[in-house]
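These notes concern the structure reproduced below.
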Amino acid sequence: MAMIRLSRGWKELAGAVCRPFWRERSILFAPTTWPFWRNNVMLFCINNVVGHCLESLYCKVMDKCFGIIDDDYAVKFDPWYHPYWVYGFGGLAMTLIFEPIKEGILKRHRSLSGAMLETYAIAVLAAMGMELGFGLLVNQPDEDGNYPYWDNSRLPLNVFKQAWLVNDLVMGAVAVAYVWIAYPLFCKGMSRLSEHAANAAFAATVGTFAAACVSSYGRLIKEGHL
C-alpha cells in the first residue's frame, strides 16, 4: 500500500508540475518574443550565482569523498555572489537546445518517467562529450604529467583521463531538474505577472546582478586574487 501511495503521489506531483506546460508550450520556447528573452536573461543572471553556490557544495562533497579539490581552488575564496559564468551560459544552452529536444521526446513517450529518463541519458552523454572535448583541447598534461586545469586521470570511472562519469551523472541530473522543473516553473510564475511587474522584476534582477559583479570583482582584485 505504501508503494502504491508513493507511486500515486509521484504521478500527481509530476502532473501538477508538467502537464499545465504541455498546454502552454509557447511560454517555454518562443525565441521571437520579448517575454522569452526577458525570462532567459533573468535566469542567466540567477544561474551564474546559484551555480556558484551549488559548485561550492559539490566541491565540499567531492573533496570529502575523493580529496580532489586543491587548497587554492577559486571556489574556496570567491565571494558566494561572485558569478560563475559557465552556469549562466549552461542554463541558456539548456533552454535553446534541450527545451526543443524535450518537446520531441514528449511526443514519442506516453509516460512522463520514460521521457525524463531519455532526457537524462541525452544530458549525461552531452555533459561527457563537452567535458571530454574541452579536456582534449585545453587540458593536456605537460612533460611531467601535470594537468593545467583538472586531473581526473587517477579517478575511477574516468573517460580517457579527461571526463569523469560521476561529474557527468550529476550534471545530467541538474539538466533534467532544470528543463523539467525549474525552467517551466519560473516561466509559469513570470507569465502570471503583469507586463509592468515582469519588467520591474527583470530590471531588479539585472541591477542586482550587476551590483554583485562590481562588488565581487572589486573584492577579488583588492585581495589579489585577480
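The values are calculated or read from the model by the stated rules, or taken from the named source; none is laboratory data. None of the values given here were measured: they were computed from a predicted structure. Methodologically, a virtual Cβ is constructed for each residue, glycine included, from the backbone with ideal geometry; neighbour enumeration extends over all protein chains shown. Surface areas here come from the heavy atoms of the whole protein model, side chains and all, with no ligands, DNA or RNA. Shrake-Rupley method; radii C 1.70, N 1.55, O 1.52, S 1.80 Å.
The rows are residues; the columns are (1) touching an Asp or Glu at 6+ places or on another chain (Cβ under 6 Å); (2) farther than 19 Å from residue 165 by Cα.
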site: 40; (1), (2): no, yes
site: 55; (1), (2): no, no
site: 58; (1), (2): no, no
site: 69; (1), (2): yes, no
site: 90; (1), (2): no, no
site: 93; (1), (2): no, yes
site: 97; (1), (2): no, yes
site: 113; (1), (2): no, yes
>> Quick check on this structure: which one of 96, 132 is over 23 Å from residue 27 (Cα atoms) and assigned to a helix (DSSP H, G or I)?
In response: 132
>> Report every pair of residues separated by at least 6 positions or lying on different chains whose Cβ atoms are under 9 Å apart, first residue within segment 209-223 and within 21 Å of residue 41 (Cα to Cα), second acidic (Asp, Glu).
In response: 216/78
> Residues of segment 156-185 being within 26 Å of residue 140 (Cβ to Cβ), surrounded by fewer than 17 Cβ atoms within 10 Å (Cβ to Cβ) and either within 21 Å of the chain's Cα centre (by Cα) or touching a residue at least 40 places away in the same chain (Cβ under 8 Å) (or both), which ones?
Replying inline: 166, 169
> In segment 47-60, is there at least one residue being out of contact with any strand residue (DSSP E or B) (no Cβ under 8 Å at 6 or more places or on another chain) and farther than 21 Å from residue 178 by Cα?
Replying inline: yes
> All but one of (1) part of a helix (DSSP H, G or I); (2) modelled with pLDDT of 85 or more hold for residue 31; which doesn't?
Replying inline: (1)
>> So, in segment 48-75, exactly how many residues are surrounded by fewer than 13 Cβ atoms within 10 Å (Cβ to Cβ) and at pLDDT 85 or above?
In response: 2
> In this structure, does residue 78 turn out to be open to solvent by 60 Å² or more (accessible area, probe 1.4 Å), among the acidic types (Asp, Glu) and not in a helix (DSSP H, G or I)?
Replying inline: no
>> Testing residue 145 on (1) at pLDDT 90 or above; (2) at positive phi, one condition comes back false. Which one is that?
In response: (1)
> Taking segment 81-118 as the search range and keeping residues that are open to solvent by 50 Å² or more (accessible area, probe 1.4 Å) and under 30 Å from residue 153 (Cβ atoms), which one is nearest to the chain's Cα centre (by Cα)?
Replying inline: 87
> So which of 143, 131 is touching a residue at least 24 places away in the same chain (Cβ under 8 Å) and not hydroxyl-bearing (Ser, Thr, Tyr)?
Replying inline: 131
> Got a number for residues in segment 28-47 being touching a residue at least 12 places away in the same chain (Cβ under 8 Å) and open to solvent by less than 30 Å² (accessible area, probe 1.4 Å)?
Replying inline: 8
>> Could you check segment 119-150 and list, in sequence order, the residues that are acidic (Asp, Glu) and buried (at least 18 other Cβ atoms within 10 Å of the Cβ)?
In response: 131
